[in-house]
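The values are calculated or read from the model by the stated rules, or taken from the named source; none is laboratory data. Predicted, not measured: the structure shown is a model, and the values here were computed from it. Quick reminder, even Gly has a Cβ in these numbers, built from the backbone with ideal geometry, and neighbours come from all protein chains shown. All accessible areas refer to the heavy atoms of the entire protein, side chains included, with ligands and DNA or RNA removed. Shrake-Rupley method; radii C 1.70, N 1.55, O 1.52, S 1.80 Å.
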Amino acid sequence: AAALFADPKTGHILTMVGSRDYFNDEIDGKVNVTMRPRLPGSSFKPIVYAQTFLNRYGPATVLYDTPTKIGIKDEPQNYDGKFQGPMSIRRALGQSRNIPAIKAYWMAGEQNSIIDLAQKMGVETLDKKRDYGYPLAIGAGEVKMSEMVTAFSVFANNGKRPTLTPIFKIENSKGDILEEWKKEDLEKFPEVLDPQVAYLINDILADPSVKLSQYLTIGDHAVATKTGTSTNTTKSKGIAP
């Protein structure tokens, strides 16, 4: 288990939990998972859809969540093993449907276009020399949690990218300041995403009418949330996250 919380307006890392138990070598406890490449799962989908919006599609664009065969053998599935038919991008993203996201991969311009945007937003681990293919759209490219926090901070900042900062100040035993963070105005952050696209993604992820679960809401607050899961096959439930 790992967690990373940051203030998007400043880039301050507020809380970092790198492992469930630092002293447990059986789970590589001394490894800071927030800084290690891991599969982001469906939490990567907002970046894919952001690129489709840059390509002139929108939240009302209809995609088809239907059985789909890609190539000779690939028949991707949703997390619940079911299909819901035609739906808007708004609902497809809110409900985290895999099949529409895979189709959005081509609408976004495929791998290079998606990676270009992801890198601008702070996800720099992805490598264009690798052939991720359409699974990239559902989180099959390993990235760092810290990079995903930066990318989601871009959405929160309406397109502006902060620099994550773990240090306020370092002093030596004599009281000399060796390093000190100086506040940077949000307006000076580089704009890496069209503010209108950031707004649309936030609006979808905060829309209670399409959210995947009631547990992704907090009272009357507008909270943009996105899950990221892996898919397992179980005897009792079939395909399940």
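When you go through Gly58, Gly11, Gly41, Gly18 one by one, which is the residue that is closer than 19 Å to Leu136 by Cα and of a type in the set (Gly, Ala, Ser)?
Gly41
Does the range 155-172 contain at least one residue that is loosely packed, with under 11 Cβ neighbours inside 10 Å and modelled with pLDDT of 95 or more?
For the range 155-172, residues loosely packed, with under 11 Cβ neighbours inside 10 Å and modelled with pLDDT of 95 or more: present.
Sort out which residues of the range 127-146 are part of a helix (DSSP H, G or I) and open to solvent by 20 Å² or more (accessible area, probe 1.4 Å), and write them in order of number.
Of everything in the range 127-146, those that are part of a helix (DSSP H, G or I) and open to solvent by 20 Å² or more (accessible area, probe 1.4 Å) turn out to be Tyr134, Pro135, Ile138, Met145.
Examine the range 195-212 for a residue that is closer than 27 Å to Pro37 by Cβ, within 13 Å of the chain's Cα centre (by Cα), β-branched (Val, Ile, Thr) and assigned to a helix (DSSP H, G or I), and state whether such a residue exists.
Within the range 195-212, one or more residues are closer than 27 Å to Pro37 by Cβ, within 13 Å of the chain's Cα centre (by Cα), β-branched (Val, Ile, Thr) and assigned to a helix (DSSP H, G or I).
Quick one: is Val31 open to solvent by less than 50 Å² (accessible area, probe 1.4 Å), farther than 30 Å from Val197 by Cα and out of contact with any helix residue (DSSP H, G or I) (no Cβ under 6 Å at 6 or more places or on another chain)?
It is true that Val31 is open to solvent by less than 50 Å² (accessible area, probe 1.4 Å), farther than 30 Å from Val197 by Cα and out of contact with any helix residue (DSSP H, G or I) (no Cβ under 6 Å at 6 or more places or on another chain).
Kindly list, by first and then second residue, each pair from a residue in the range 35-63 that is within 19 Å of Val154 (Cα to Cα) and of a type in the set (Lys, Arg) to a residue that is assigned to a helix (DSSP H, G or I) and open to solvent by 20 Å² or more (accessible area, probe 1.4 Å), limited to pairs with Cβ atoms under 9 Å and residues at least 6 apart or on different chains.
Between residues of the range 35-63 that are within 19 Å of Val154 (Cα to Cα) and of a type in the set (Lys, Arg) and residues that are assigned to a helix (DSSP H, G or I) and open to solvent by 20 Å² or more (accessible area, probe 1.4 Å), the close pairs are Lys45/Ile138.
Could we say that Leu117 is without any contact (Cβ under 8 Å) to a residue 60 or more places away in the chain, open to solvent by less than 60 Å² (accessible area, probe 1.4 Å) and either within 27 Å of Asp185 (Cβ to Cβ) or not charged (D, E, K, R) (or both) here?
No, not satisfied.
Quick one: which residue in Arg56, Arg20 is open to solvent by 90 Å² or more (accessible area, probe 1.4 Å), at pLDDT below 95 and either outside any strand (DSSP E or B) or at positive phi (or both)?
Exactly one of Arg56, Arg20 is open to solvent by 90 Å² or more (accessible area, probe 1.4 Å), at pLDDT below 95 and either outside any strand (DSSP E or B) or at positive phi (or both), namely Arg20.
Tell me whether the range 143-159 contains one or more residues that are acidic (Asp, Glu) and farther than 16 Å from Pro46 by Cα.
The answer is no, given that none of the residues of the range 143-159 is acidic (Asp, Glu) and farther than 16 Å from Pro46 by Cα.
Consider only pairs whose beta carbons are under 6 Å apart and that are at least six residues apart or on different chains; among these, list those whose first residue lies in the range 67-93 and is over 18 Å from Leu205 (Cβ atoms) and whose second residue is in a loop (DSSP other than H, G, I, E, B) and hydroxyl-bearing (Ser, Thr, Tyr).
As it stands, the answer is Phe83/Thr66, since those pairs meet every condition given.
Output the number of residues of the range 90-106 satisfying the condition of being over 14 Å from Thr66 (Cα atoms) and in a helix (DSSP H, G or I).
The qualifying residues number 6.
Residue-by-condition table, conditions (1) aliphatic (A, V, I, L, M); (2) under 26 Å from the mean Cα position of the chain (by Cα); (3) farther than 17 Å from Thr10 by Cβ:
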| site | (1), (2), (3) |
| --- | --- |
| Gly159 | no, yes, no |
| Pro162 | no, yes, no |
| Pro166 | no, yes, no |
| Glu171 | no, no, yes |
| Lys182 | no, no, no |
| Leu186 | yes, yes, no |
| Leu193 | yes, yes, yes |
